[in-house]
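Asker: Below: one structure in structure tokens.
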Amino acid sequence: MQTTEILVEVSAEMEHHLELLRQAYRLPTTTAVLELLISTQIDRSVYEMTGIKPGPKLAIDNTQGRT
């Protein structure tokens, strides 16, 4: 799957909330917080539409080059 990056501007207040969530979840960046929130919302929407709970997710680090 290929993804597209989009630049999103947020208010200082929203950035503060994202930073608090980043610290609480021990995530590396506020971008990771946004990705987690979006993923959670998608899972919730799918469950509401289908009644099927999402399964476990695989943790794959695709940020490193192939060796």
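Asker: Being closer than 21 Å to THR63 by Cβ and in a helix (DSSP H, G or I): is that true of ARG44 here?
Answerer: When the stated conditions are applied, ARG44 does not pass them.
Asker: Take ILE52 and decide whether it is assigned to a loop (DSSP other than H, G, I, E, B) and either of a type outside the set (Asp, Glu) or modelled with pLDDT of 90 or more (or both). Quick ask: steps written out before the conclusion?
Answerer: Numbers: assigned to a loop (DSSP other than H, G, I, E, B): yes; either of a type outside the set (Asp, Glu) or modelled with pLDDT of 90 or more (or both): yes.
It is true that ILE52 is assigned to a loop (DSSP other than H, G, I, E, B) and either of a type outside the set (Asp, Glu) or modelled with pLDDT of 90 or more (or both).
Asker: In region 18-38, which residues are of a type outside the set (D, E, K, R), under 17 Å from VAL8 (Cα atoms) and part of a helix (DSSP H, G or I)?
Answerer: LEU18, THR30, THR31, ALA32, VAL33, LEU34, LEU36, LEU37, ILE38 - these are the residues of region 18-38 that are of a type outside the set (D, E, K, R), under 17 Å from VAL8 (Cα atoms) and part of a helix (DSSP H, G or I).
Asker: Pick from THR40, THR31: which is under 10 Å from the mean Cα position of the chain (by Cα), open to solvent by 70 Å² or more (accessible area, probe 1.4 Å), of a type in the set (Val, Ile, Thr) and modelled with pLDDT of 80 or more?
Answerer: Numbers: THR40 fails: open to solvent by 70 Å² or more (accessible area, probe 1.4 Å).
After applying the criteria, what remains is THR31.
Asker: Quick check on my filter: what residues within region 1-20 are surrounded by 11 or more Cβ atoms within 10 Å (Cβ to Cβ) and within 21 Å of THR63 (Cβ to Cβ)?
Answerer: LEU18
Asker: Against the conditions (1) of a type outside the set (S, T, N, Q); (2) modelled with pLDDT under 90; (3) on the phi > 0 side of the Ramachandran plot, where does LYS57 fall short? Just the number, please.
Answerer: (3)
The values are calculated or read from the model by the stated rules, or taken from the named source; none is laboratory data. Everything numeric in this text was worked out from a predicted model, so none of it was measured. Ideal geometry is used to build each Cβ from the backbone, glycine not excepted, and the neighbour counts take in all protein chains shown. For the accessible areas, the whole protein counts, side chains as well, though only heavy atoms, and no ligand, DNA or RNA atoms are used. Shrake-Rupley method; radii C 1.70, N 1.55, O 1.52, S 1.80 Å.
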